[in-house]
Amino acid sequence: MNVRKGDLAIIIKALLPENIGKIVEVFEPLGDDCGLGFRWRVKSAKPCRTLSVVDFKTIYRDQDDIAVPDAWMRSITGLPITDDIKDEVTA
């Protein structure tokens, strides 16, 4: 799994290119569906366009609650807890 419930994630692949790069919050698992693999219900701060899973032609506009395959997202982990840079300069 690339993401978990509660993660913030970035969409790295999408059927509609304008959704790539959007930041989403991962809400709940939806299971396997439509040959796209395991999917999650996510919410986006900016509305996304989506395709109908019935015909992959019908476009739905301005939805902030969408389903995204796990493989199409990467978790945003934030800054590391430890710092590898030393505070002192050795001579």
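The values are calculated or read from the model by the stated rules, or taken from the named source; none is laboratory data. As the structure is a prediction and not an experimental result, all values here were calculated from the model. Positions of Cβ are backbone-derived with ideal geometry, glycine not excepted, and every protein chain shown enters the neighbour counts.
Annotations
Condition check ((1) part of a loop (DSSP other than H, G, I, E, B); (2) under 10 Å from the mean Cα position of the chain (by Cα)) across all residues:
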residue: G6; (1), (2): yes, no
residue: A9; (1), (2): no, yes
residue: K13; (1), (2): yes, yes
residue: G21; (1), (2): yes, yes
residue: E25; (1), (2): no, yes
residue: G31; (1), (2): no, no
residue: L36; (1), (2): yes, no
residue: C48; (1), (2): no, no
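- Residue in the range 75-87 that is at pLDDT 90 or above and out of contact with any Leu (no Cβ under 6 Å at 6 or more places or on another chain) present: yes
- For the range 19-48, taking the residues that are at pLDDT 80 or above and of a type in the set (D, E, K, R), the one that is nearest to A9 (Cα to Cα) is identified as E25.
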